[in-house]
Amino acid sequence: MKKIKAIIVSILLFSLAPPSQAEELMTESGYSEVMLNLVENMQNILFGIMVEDYDQVSNLAENIAYHPGPELEKRIVLLKKLNFDALSFKQHEDKIRQKALGLMKAAAIKNRSRVLDRYAELARSCTECHITYREKVRSFIKK
Ligand code: HEC
């Protein structure tokens, strides 16, 4: 099923993206604001863990799982620029959702040790995308 989805997405991307459009100017990625929001949620989750307010942890993890992305237009420009990497970029986004939902569930049953593990996994998935894409995305932005 994942494979089929991957194929459809790549066909869509390439049929929508003639080479001339891929040259479109990018003045910002649209991700900066989204990310600041994510990191704020992560900080508040950590606080929630420390005071053992697992309802707060669960709500904030849900916010991360369903966080809004950048405006669609900006997102399309970025995905076109990423070209063959667009799919892997989206997989990182999916992974964040899965890990955040895992944290949400652990918090819902107030399992302290599992909450800590899931939090670490989520933080790891944030950095995994950064290692590959943070500088790359920034390199597209015209100064
Ligand atoms: C799908 C890839 C991806 C995932 C997943 C991801 N990030 Fe990012 N992040 C980026 C990119 C790309 C940038 C650079 C955006 C830019 O500079 O325009 C960035 C930048 C940031 C920044 C710096 C923002 C700034 O304006 O300097 C923070 C903080 C951040 N991310 C936090 C997080 C947190 C917390 C998570 C996990 C909950 C996360 N990110 C998950 C791709 C990702």
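The values are calculated or read from the model by the stated rules, or taken from the named source; none is laboratory data. Everything quoted here is computed from the prediction, not taken from an experiment. Glycine also receives a Cβ, built like all others from the backbone with ideal geometry; neighbour counts cover every protein chain displayed.
Report every pair of residues separated by at least 6 positions or lying on different chains whose Cβ atoms are under 7 Å apart, first residue within region 101-120 and under 13 Å from Ile64 (Cα atoms), second at pLDDT 95 or above and of a type in the set (Ser, Thr, Tyr).
These pairs meet every condition: Leu103/Tyr119; Met104/Ser58.
If the Cβ limit is 6 Å and pairs must be 6+ apart or interchain, which residue in region 25-38 that is more than 22 Å from Leu60 (Cα to Cα) pairs with which residue that is near the ligand (Cβ under 6 Å from one of its atoms)?
Ser29/Val137
Are there helices (runs of 4 or more DSSP H) fully within region 36-143 with at least 2 residues that are under 14 Å from the mean Cα position of the chain (by Cα) and basic (Lys, Arg)? List them.
86-108, 112-140
If we scan region 74-85, do we find a residue that is farther than 18 Å from Met26 by Cβ, among the basic types (Lys, Arg) and either surrounded by 12 or more Cβ atoms within 10 Å (Cβ to Cβ) or near the ligand (Cβ under 8 Å from one of its atoms) (or both)?
No, region 74-85 has no match at all.
Name every residue in region 128-143 that is touching a residue at least 40 places away in the same chain (Cβ under 8 Å) and of a type in the set (S, T, N, Q), in order of residue number. Spell out the reasoning first.
Of the residues in region 128-143, the ones touching a residue at least 40 places away in the same chain (Cβ under 8 Å) are 129, 132-133, 136-138, 140-142.
Thr132 - this is the single residue of region 128-143 that is touching a residue at least 40 places away in the same chain (Cβ under 8 Å) and of a type in the set (S, T, N, Q).
Here is a check on your reading of the model: is Met35 closer than 20 Å to Ile141 by Cβ, surrounded by 12 or more Cβ atoms within 10 Å (Cβ to Cβ), within 16 Å of the ligand (Cβ to nearest atom) and at pLDDT below 95?
Answer is no for this residue.
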